[in-house]
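Working notes, structure below.
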Ligand SMILES: Nc1ncnc2c1ncn2[C@@H]1O[C@H](COP(=O)(O)OP(=O)(O)O)[C@@H](O)[C@H]1O
Ligand SMILES: [Mg+2]
C-alpha cells in the first residue's frame, strides 16, 4: 500500500470570514478522499493564535467549539513546535481574507519549502488588492468599473479633491460604490448617491484599509465563475447571484440572511453571454498569474451586456454549498474530486518550481 499524503489543513484566521473558513475546513475534512490523504487540522483562532492538532480537530467536528489552549506563534520553529505537527507533505490553507488570502501564509509555506494548495504569493497578494487586480485586468483588455483610489494621506488632507463628492461625480457620475481595496465579505462596502453618504462611506472604508476605491456603480447581473488548475486551467460554467431589489450582495446577505440573495447555478443567460463571462474569467486568471484556484466575479451590465470584472477571490468560500464547489459539481467534478485536484495542482506547481535554478547553474 502506498503511503498516504499528509495534509496540513489550515483554517480559521483573524478576518471577517473566520466562520466561513471554519465551515469550509469542516466540509473539506469530512469529504476528503481518506484512501489518499490523512488530514492534520491546524486552527488559527480569530485573534491569530494557533491551536494544536487535538484542539483543531475538535472545532472541525464541532464548529462552535472554543479553543482552550491557544499558542502565540512568533516564528517558524515556534509554529512547527507549538502546533505539534507531524511531517506535513502539503499544506491546504482555507483561510479567507487577510493573512490567509493575501500571500502571507503562502510566503510562510515558501520559507518552509513546502507545497501548498492554491495561489502562490504574487497572485494571492495581487488579487487581494482590488486596485492591482483592476489594473492587470484592464491591461488584458477586460472591462472594469471606472474608479479612483484614495490613499490615507489623501483622506487625511481635508482639501483633497478626492474627498469632494461633486468633483468625484464629475469624473465617475453620482452613483458610486466605496470600498476598501483589501477586504472581503462586503465589509466596509457602501453604495452612495449624495455628498453626505459619500463622506460616511469613506470614513467606514478607511476603518479597514489604507487605500479605498471609489467606483462607478455597475447596474446589472452579478455572475461568478470558478477556475481550477495551473498552466491549463479548467473554467466552470457561470453562476448568478440574485439580489433582492434595491440591495446589493452585502455581508448580511452573504452569510446571515439567505432570503435576500440567492445563488443560481447555472445562471439563466444566453449561450454567447456565458461564453464571454467564461473567457473573461480565464483571461483575468492568467493576467493575475493565478494557479490552483480562483473565483472570478463580474457584473453583466444592463443594456449592453458588457461583462465588467468586479474582483478575483484567491480563496473563495469552500463549504459544500459555496459557489466555487457548486459550479464544479455542475461541471461534473464532485466535491471530493475537486479537493484531490486542488491538492494535485499544488504539488505539481511545487515539483515544477523545484526544477528551477536559484543560483548560477
Ligand atoms: N462598482 C460596483 N457596482 C455595483 N455593485 C458593486 C460595485 N462594487 C461592489 N458592488 C457590490 O458590492 C459587493 C461587494 O463588493 P466586492 O467588490 O465584491 O467586495 P468583497 O471583496 O467585499 O466581496 C458586490 O458583490 C456587489 O454587490
Ligand atoms: Mg465580492
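A few points about this structure:
- So residue 316, is it part of a helix (DSSP H, G or I), outside the structural domain of residue 105 (by TED's automatic domain parsing) and either in contact with a helix residue (DSSP H, G or I) (Cβ under 8 Å, 6 or more places away or on another chain) or more than 16 Å from ligand 2 (Cβ to nearest atom) (or both): no
- Residue check, residue 216 under 19 Å from the mean Cα position of the chain (by Cα) and either within 16 Å of ligand 1 (Cβ to nearest atom) or over 26 Å from residue 14 (Cβ atoms) (or both): no
- All positions within the stretch 293-308 that are farther than 10 Å from residue 225 by Cα and within 11 Å of ligand 2 (Cβ to nearest atom): 299
- All of 300, 309, 327 fail the test of being away from ligand 1 (no atom under 13 Å from the Cβ), in contact with a strand residue (DSSP E or B) (Cβ under 6 Å, 6 or more places away or on another chain) and either assigned to a loop (DSSP other than H, G, I, E, B) or within 20 Å of residue 223 (Cβ to Cβ) (or both), apart from 327.
- Residue within the stretch 105-121 that is over 29 Å from residue 282 (Cα atoms), assigned to a helix (DSSP H, G or I) and either in the same structural domain as residue 209 (by TED's automatic domain parsing) or out of contact with any strand residue (DSSP E or B) (no Cβ under 7 Å at 6 or more places or on another chain) (or both) present: yes
- Count - residues of the stretch 167-190 that are at pLDDT 95 or above, within 9 Å of ligand 1 (Cβ to nearest atom) and either over 20 Å from the mean Cα position of the chain (by Cα) or on the phi > 0 side of the Ramachandran plot (or both): 2
For every residue, the table says whether it meets (1) surrounded by fewer than 22 Cβ atoms within 10 Å (Cβ to Cβ); (2) out of contact with any strand residue (DSSP E or B) (no Cβ under 7 Å at 6 or more places or on another chain); (3) modelled with pLDDT under 90.
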site	(1), (2), (3)
7	no, no, no
13	no, no, yes
16	yes, yes, yes
28	no, no, no
38	yes, no, no
42	no, no, yes
54	yes, yes, yes
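- Candidates 283, 252, 275 - the one that is within 15 Å of ligand 2 (Cβ to nearest atom) and either free of Cβ contacts under 8 Å to residues at least 12 places away in the same chain or outside any strand (DSSP E or B) (or both): 252
- A single entry from 171, 134 fulfils the requirement of being part of a helix (DSSP H, G or I) and surrounded by fewer than 18 Cβ atoms within 10 Å (Cβ to Cβ): 171.
- Within this structure, residue 228 fails the test of being crowded, with 17+ Cβ neighbours inside 10 Å, away from ligand 2 (no atom under 16 Å from the Cβ), in contact (Cβ under 8 Å) with a residue 12 or more places away in the chain and over 20 Å from the mean Cα position of the chain (by Cα).
The values are calculated or read from the model by the stated rules, or taken from the named source; none is laboratory data. These numbers were taken from a predicted model, which means no experiment stands behind them. Every residue, glycine among them, receives a Cβ derived from its backbone with ideal geometry; neighbour counts consider all protein chains shown.
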